[in-house]
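Peer 1: Before I ask anything, here is the structure I am working with.
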Amino acid sequence: MDKSKRPFLKSKRFFRRRLPPIQSGDRIDYRNMSLISRFISEQGKILSRRVNRFTLKQQRLITIAIKQARILSSLPFLNNEKQFERTESTTRTPGLRARNR
């Protein structure tokens with residue numbers, strides 16, 4: 001058989017299936033902080049479904065649980081570990097105006 005007449009054959013690659021992020025026994029709830037905190041970024045954002053490897057239903061439940069925990073103050077809305085600091089280049093010098101006159 002010629003290469004041009006041969007049907008397209010996919011190469012068979014074997015991928016290792018990743019374990020689901022939530023086991024069947026885990027309950028998605030706003031009180032389950034150890035579970036919820038795994039799906040929040042360092043900035044406090046909810047990670048996407050593609051990153052989490054969730055089904056659509058699981059992502060909706062996690063999102064609702066995170067929002068409920070934020071409203072009840074169990075989780076912060078923002079992660080304020082890094083406070084904004086002023087560097088020397090952004091500080092104003094008080095005598096600058098007087099010199100230019």
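The values are calculated or read from the model by the stated rules, or taken from the named source; none is laboratory data. Just so you know, these numbers come straight off a predicted model, no measurement behind them. Every residue, glycine as well, gets a Cβ built from its backbone with ideal geometry; the counts of neighbours run over all protein chains shown. Just the protein is used for accessible areas: all its heavy atoms, side chains included, with ligands, DNA and RNA removed. Shrake-Rupley method; radii C 1.70, N 1.55, O 1.52, S 1.80 Å.
Peer 1: Take the residues of region 1-22 that are within 23 Å of ARG60 (Cα to Cα) and open to solvent by less than 100 Å² (accessible area, probe 1.4 Å): which is modelled with the lowest pLDDT?
Peer 2: PRO20
Peer 1: What number of residues within region 39-72 satisfy the criterion of being in a helix (DSSP H, G or I) and either surrounded by 13 or more Cβ atoms within 10 Å (Cβ to Cβ) or in contact (Cβ under 8 Å) with a residue 24 or more places away in the chain (or both)? Please lay out each step first, then the result.
Peer 2: The first filter runs over region 39-72 and keeps only residues in a helix (DSSP H, G or I), leaving 39, 49-52, 56-71.
Narrowing the set further to residues that are either surrounded by 13 or more Cβ atoms within 10 Å (Cβ to Cβ) or in contact (Cβ under 8 Å) with a residue 24 or more places away in the chain (or both) leaves 39, 49, 52, 58-70.
Residues in region 39-72 being in a helix (DSSP H, G or I) and either surrounded by 13 or more Cβ atoms within 10 Å (Cβ to Cβ) or in contact (Cβ under 8 Å) with a residue 24 or more places away in the chain (or both): 16 in total.
Peer 1: Being closer than 11 Å to ALA69 by Cβ, modelled with pLDDT of 75 or more and in a loop (DSSP other than H, G, I, E, B): is that true of ARG31 here?
Peer 2: So ARG31 fits the description; yes.
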